[in-house]
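K.L.:
This is the structure, below, for whatever I ask next.
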Amino acid sequence: MKNRKLIVIPIMILVAAAAMWMLNKDYQQIDMPIRMLIAAGAALLSGVLSYFLFKPEKDGNEKV
């Protein structure tokens, strides 16, 4: 559980920063609060996806 958080949180931060950079560069006509909501949604979605995709591996000795 702890290992996944160490991966998920930096991914969310990178996605939020990249989204804000892209939105500020290309879509300046969109108001700042809306851009922040879009970036937060992107970060949350990427965090949820990476949380479930980076599941810990099971040992071959465990019974299923």
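K.L.:
Using the Cα atoms as the points, what is the convex hull volume per residue of the chain in Å³?
P.N.:
Each residue corresponds to 82 Å³ of Cα convex hull volume.
K.L.:
Right, next: On a 0 to 90 degree scale, rounded to 10, what angle separates helix 2-26 from the longest Cα axis of the chain?
P.N.:
That works out to roughly 20 degrees.
K.L.:
Under the definition of Cα pairs under 8 Å and six or more residues apart, what whole-number percent is the relative contact order of the chain?
P.N.:
48 percent
Values quoted throughout were computed directly from the atomic coordinates according to the rules given, and no laboratory measurement underlies them. Model, not experiment: these values are computed from the prediction.
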